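Engineer: Sharing a structure below in C-alpha cells format, with a few things to ask.
The values are calculated or read from the model by the stated rules, or taken from the named source; none is laboratory data. Keep in mind that what you see is a predicted model, and the values were worked out from it rather than measured. With ideal geometry, Cβ positions are generated from the backbone for all residues, glycine too; neighbour counts draw on all protein chains shown.
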Amino acid sequence: MMKQLKSLQEGMKKFKEDLERETVEFENEHCRIVSNLAGEIVELKIKSSDCENLEKHLFEALKEVNKRVKEKVKEKAENSLFGGMGLF
C-alpha cells in the first residue's frame, strides 16, 4: 500500500511538472498572452507603443491573481481527501 501511495505521489509530482513546462497562447491584434498549463502567465505583450507601463502593471496583476487562485486551490485541496494523502 505504501509503495502504491509513493508511486501516486511521484506521478502527481511529474504531472505537475509537465503542466508547468507546456504552454498555450492567445493572440489577437491587441495582445499576446502565454500561460503554462499550471495556469501561470509566462508572457504578456500589449501591441501598442504607448502601453509599456500598462503592460508591466498588468503582468504583475495577472501574476498576483494567479497566485491567489493557487493558494485557494491548495487550501481546498488540503481540506479534501487528497490533502490527507499528502498529495498537495
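Engineer: Within the stretch 20-39, does at least one residue satisfy the condition of being in a helix (DSSP H, G or I) and either at pLDDT 85 or above or in contact with a Pro (Cβ under 7 Å, 6 or more places away or on another chain) (or both)?
Structural biologist: So far as the stretch 20-39 goes, yes, one or more of its residues are in a helix (DSSP H, G or I) and either at pLDDT 85 or above or in contact with a Pro (Cβ under 7 Å, 6 or more places away or on another chain) (or both).
Engineer: So, one more: Just name the residue that is surrounded by the fewest Cβ atoms within 10 Å (Cβ to Cβ) out of those in the stretch 1-31 that are over 30 Å from LEU58 (Cβ atoms) and of a type in the set (S, T, N, Q).
Structural biologist: In this case the residue turns out to be GLN4.
Engineer: Only one of (1) surrounded by 11 or more Cβ atoms within 10 Å (Cβ to Cβ); (2) at pLDDT below 85; (3) over 15 Å from the mean Cα position of the chain (by Cα); (4) outside any loop (DSSP other than H, G, I, E, B) is not met by LYS45, so which one is it?
Structural biologist: Exception for LYS45: condition (2).
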